[in-house]
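The structure appears right after this line, and notes come after that.
The values are calculated or read from the model by the stated rules, or taken from the named source; none is laboratory data. Please read these numbers as outputs of a predicted model, since none were measured by experiment. Positions of Cβ are backbone-derived with ideal geometry, glycine not excepted, and every protein chain shown enters the neighbour counts.
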Amino acid sequence: MKTIKRKQQLAGWGFLLPASILIAIMSFYPILQAIFMSFKTGSSANLQWANPLTYNYSRMFKDALFLRSVGNTFLYLIIQVPIMLILAILLAQLLNNKDLKFRGLFRTMVFLPCATALVSYSLIFKSLFATQGLVNTILVNLGIFETNYNFLGNTNSARAIIIIALIWRWTGYNMVFYLAGLQNIEYSVYEAAKIDGANSWKTFWRITVPLLKPTIIMTVIMSINGTLQLFDESVNLTSGGPANSTITMSHYIYNNSFGQGVANFGYASAMSFFVFVLVAILSRISMKVGDKRD
Amino acid sequence: MTKKNKSATQRRLIPTYIFLIIVSFISVFPLYWMISAATNNTVDVATGKLTFGTYAAQNFANLLSRTDLWGTLWNSFKYAGVQTIVALFVCSLAGFGFELYHDKGKDIVFNILLLAMMVPAVATMIPLFKMMSSFGLLNTVWAFILPTISTPFLIMMFRQNSRNFPVDILEAARIDGVSEFGIFFRMYMPVMKSTYAAAAVITFMNAWNAYMWPKVVMTDNRAQTMPMLIANLAAGYTVDYGVLMMGVLFCSIPTMIIFFVLQKQFAEGITGSVK
């Protein structure tokens, strides 16, 4: 009997072995290599230990462009994530109302941006907001602007468009999580609140938000994670421009390793390790904050 | 509920309807515009023509002459298809192992694997590129799929959903002398059909959308993917918006079909292990 049990346990290990080995080789081993590489300098074929060892790190914190990419990424994070998540919860709450007609249709339409491939939507927004694009044509025709405005050629408007595009693409995505979460809340809870005379504002803050807390924490972590690694939008919507003023961390790291002829693997590794640390710290913080508010 | 009550409820919902209509319009409009722009010439697109035009065939012909559309579509389908099949097999096997054979040791391994969720793609990009290049795998489907075959997300998804797997079947099958592998193939896989469907949809979508990693390892034009193709179309100094939107449309057709045909599985796939 014991040998059968052992055999089963062994089979269990066999089942999870391929996946575990792959994660070890494709995630853990490379991140260790990246840490080593971050202490080296030189061309990709001829990496030497840096002198001093922390050379790449001290260079990083003096690199105005890198610091700007960090600043930009955080700007996108701080503005886009809260707007998007609040909008997503609000939409989920509205669509969860059983009295609402065309619920399925509304849900499909709000969710629809997720059907767009990632690079596709960046290019759609780039075209819409081009100097000779639709948005300019409409604004000029309505008399709001006198001449066409170069949205993507000015730092602040270019940043704003990245944020608008992100909100457009990901709000419906996050709404799906909240709708799934709301379905676990008994509808009678809402009916009871209604009978007790709670208005929808109160119901939202006193019932929906607390009951959705685990879902909210998860979407916050996912959004932080995703925004810190923003790449496609920076590359395709603004090309990091004008003059690198909208560039994100991932985009800058890419430029330093594969993008612009110079393969600066050591320096790029140091910056990428910095991103790794940021992701780890911010995920921990959101989990801790989530735990406390019980 | 009385009729009067009902109409009062609907009246109170009027602001909600207005808000939802506005949000729906904003959500749908860019996609409508993409399709209409694909049928117009670049001048009409720029001047804000919103109706469908007659340039679809012309734009399509231009796209074909400027890019290797069919070859690239085939690449994207091939990479995403192989990725989906292999990833589902490897991760479901692991989810099955973690949940139905679980013991302390395996739980520890599981928690270690979850840490991989925190590793950003950009941090492993350079070492993985060197690895792929030293094995001569650049520009092959292997370079595309290897880093993302096994993901904590998919393993967790299968593990969580395995909770509903009836353990009695397992015991009964063992008494009948079915091997452990046989149980996986003949019992687990059929029972978990809906999880497989959701996992397949989300994996295919992610693989189809992948941009940074293919840009790194697919250095040969003949190995490029659809997102790379349309990004290149937009990178020139003079952009033909009609042709560009035709390309964007082709890049979005598979994801749109999945969205409309398999919306339920897509939504389940996104939320994955959250139950």
Could you check B:Val23 against (1) over 30 Å from A:Leu22 (Cβ atoms); (2) assigned by TED's automatic domain parsing to the domain that holds B:Ile230; (3) not acidic (Asp, Glu) and say which number it fails?
-> (2)
Check B:Lys106, B:Lys130 and return the single one that is within 30 Å of B:Met187 (Cβ to Cβ), within 10 Å of chain A (Cβ to nearest Cβ) and basic (Lys, Arg).
-> B:Lys106
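Determine, yes or no, whether A:Leu100 is more than 8 Å from chain B (Cβ to nearest Cβ), more than 26 Å from A:Ile281 (Cβ to Cβ) and touching a Ser or Thr at 6+ places or on another chain (Cβ under 8 Å). Show your work before the answer.
Details: more than 8 Å from chain B (Cβ to nearest Cβ): no; more than 26 Å from A:Ile281 (Cβ to Cβ): yes; touching a Ser or Thr at 6+ places or on another chain (Cβ under 8 Å): yes.
For A:Leu100, the condition - more than 8 Å from chain B (Cβ to nearest Cβ), more than 26 Å from A:Ile281 (Cβ to Cβ) and touching a Ser or Thr at 6+ places or on another chain (Cβ under 8 Å) - is not met.
Here are B:Ile175, B:Ile257: which of them is assigned by TED's automatic domain parsing to the domain that holds B:Gly136 and at pLDDT 90 or above?
On the way: B:Ile175 fails: at pLDDT 90 or above.
It is B:Ile257.
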Give the residue that is nearest to B:Met256 (Cα to Cα), with candidates limited to residues of the range A:115-132 that are more than 7 Å from every other protein chain (Cβ to nearest Cβ) and at pLDDT below 90.
-> A:Ala130
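Consider B:Asp220 carefully, then state whether it is surrounded by fewer than 22 Cβ atoms within 10 Å (Cβ to Cβ), touching a residue at least 40 places away in the same chain (Cβ under 8 Å) and more than 19 Å from B:Ala38 (Cα to Cα).
Working: surrounded by fewer than 22 Cβ atoms within 10 Å (Cβ to Cβ): yes; touching a residue at least 40 places away in the same chain (Cβ under 8 Å): yes; more than 19 Å from B:Ala38 (Cα to Cα): yes.
Yes.
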Is it the case that the range A:173-183 has a residue that's within 14 Å of the chain's Cα centre (by Cα) and modelled with pLDDT of 90 or more?
-> yes
Consider B:His102 against the criteria (1) surrounded by fewer than 19 Cβ atoms within 10 Å (Cβ to Cβ); (2) within 21 Å of A:Leu47 (Cβ to Cβ): it satisfies all of them except one. Which criterion is unmet?
-> (2)
Hits in the range A:186-226 - residues which are of a type outside the set (A, V, I, L, M), within 26 Å of A:Ile78 (Cα to Cα) and within 14 Å of chain B (Cβ to nearest Cβ) = A:Trp201, A:Phe204, A:Lys213, A:Pro214, A:Thr215, A:Thr219, A:Ser223, A:Asn225, A:Gly226
Scope the range B:133-169; condition part of a loop (DSSP other than H, G, I, E, B) and among the aliphatic types (A, V, I, L, M); matching residues | B:Leu137, B:Leu138, B:Ile149
Would you please name the residue that is farthest from A:Val119 (Cα to Cα), looking only at residues in the range B:68-84 that are within 14 Å of chain A (Cβ to nearest Cβ) and either out of contact with any Pro (no Cβ under 9 Å at 6 or more places or on another chain) or surrounded by fewer than 17 Cβ atoms within 10 Å (Cβ to Cβ) (or both)?
-> B:Gln83
Positions within the range A:227-285 being touching a Pro at 6+ places or on another chain (Cβ under 7 Å) and not in a helix (DSSP H, G or I), in sequence order = A:Gln229
Unique match (being buried (at least 20 other Cβ atoms within 10 Å of the Cβ) and either at the interface with another protein chain (Cβ under 8 Å from one of its Cβ atoms) or not acidic (Asp, Glu) (or both)) among B:Leu115, B:Leu138, B:Leu146, B:Leu170 = B:Leu146
So, of the residues in the range B:9-45 that are more than 10 Å from chain A (Cβ to nearest Cβ) and not in a helix (DSSP H, G or I), which turns out to be modelled with the lowest pLDDT?
-> B:Asn41
